[in-house]
1. Among the residues of segment 40-52, count how many are more than 25 Å from residue 21 (Cβ to Cβ), modelled with pLDDT of 90 or more, hydrophobic (A, V, I, L, M, F, W, C) and not in a strand (DSSP E or B).
2. Being closer than 19 Å to residue 43 by Cβ and either part of a loop (DSSP other than H, G, I, E, B) or touching a Ser or Thr at 6+ places or on another chain (Cβ under 7 Å) (or both) is the filter; apply it to segment 96-111 and report the residue that is modelled with the highest pLDDT.
3. Give segment 33-52 a look and list any residue that's of a type in the set (Asp, Glu) and either under 14 Å from the mean Cα position of the chain (by Cα) or surrounded by 14 or more Cβ atoms within 10 Å (Cβ to Cβ) (or both), or say none.
4. What residue, among those in segment 65-90 that are assigned to a loop (DSSP other than H, G, I, E, B) and touching a residue at least 60 places away in the same chain (Cβ under 8 Å), is farthest from the chain's Cα centre (by Cα)?
5. Within segment 18-25, is there a residue that is over 17 Å from residue 125 (Cα atoms), assigned to a helix (DSSP H, G or I) and either of a type outside the set (Ser, Thr, Tyr) or without any contact (Cβ under 8 Å) to a residue 40 or more places away in the chain (or both)?
6. Which ones in segment 112-134 are at pLDDT 90 or above, closer than 14 Å to residue 53 by Cβ and among the aliphatic types (A, V, I, L, M)?
7. What's the total number of residues in segment 37-91 that are among the polar types (S, T, N, Q) and out of contact with any helix residue (DSSP H, G or I) (no Cβ under 8 Å at 6 or more places or on another chain)?
8. Kindly indicate which of 114, 59, 93 is β-branched (Val, Ile, Thr) and assigned to a helix (DSSP H, G or I).
Amino acid sequence: MSRNLYKFTDLKQLQLPADLNESEAFFAMHSLCGEGQPIASFYSADKIPKVLLSNRYYVAQDLLIYKGKKAIFKGPFAMAEKEALIEFLLHAVATDDLRPMLIAPVFDKTPDQVIVITEDLCYLYSKSESDVLS
């Protein structure tokens, strides 16, 4: 099996909280995406800065492996300031090195918003549409 060497090296990262369980945080983000339809979509990640309303974000590569029916998060997980995240995304778009990932404002138990970047589109999921698109 090949190893995942993508580590968000171009993202200026903040120290993650010591009590953060990265897998639980990833699956909380993933869960919001499974609860319904996206409220917005973008053809390019360079449009994402318009919906970044918080100061700090969790960023997780959307990388799962399965053992039987159990999904296990295996991607890198980071926290970054909004401006560093924007710089990272724009650089990744410019260098064609954008990977599938989930982005959410820093949260305690469940996120209010999740941006999903796939190979084709970017989607915005939110608990409340009025929080983002007004």
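1. Final tally of qualifying residues: 2.
2. Here the residue is 100.
3. So the first thing to find is which residues in segment 33-52 are of a type in the set (Asp, Glu), and the list is 35, 46.
Within segment 33-52, just 46 meets the criteria.
4. Narrowing segment 65-90 to residues assigned to a loop (DSSP other than H, G, I, E, B): 68-69, 74-76.
With touching a residue at least 60 places away in the same chain (Cβ under 8 Å) added as a condition, the list becomes 74-76.
Values: 74: 14, 75: 11, 76: 11 Å.
Looking at residues that are assigned to a loop (DSSP other than H, G, I, E, B) and touching a residue at least 60 places away in the same chain (Cβ under 8 Å), I get 74.
5. Residues of segment 18-25 that are over 17 Å from residue 125 (Cα atoms), as a first pass: 18-24.
Now restrict to residues that are assigned to a helix (DSSP H, G or I): 22-24.
Of the ones still in play, those that are also either of a type outside the set (Ser, Thr, Tyr) or without any contact (Cβ under 8 Å) to a residue 40 or more places away in the chain (or both) are 22, 24.
Yes.
6. Within segment 112-134, 114, 115, 124 qualify.
7. Counting residues in segment 37-91 that are among the polar types (S, T, N, Q) and out of contact with any helix residue (DSSP H, G or I) (no Cβ under 8 Å at 6 or more places or on another chain) gives 3.
8. Step by step, each of 114, 59, 93 is checked, and only 93 is β-branched (Val, Ile, Thr) and assigned to a helix (DSSP H, G or I).
The values are calculated or read from the model by the stated rules, or taken from the named source; none is laboratory data. Quick caveat, the model's predicted, so the values are computed rather than measured. Note: ideal-geometry Cβ built from the backbone for every residue, glycine included; neighbour counts use all protein chains shown.
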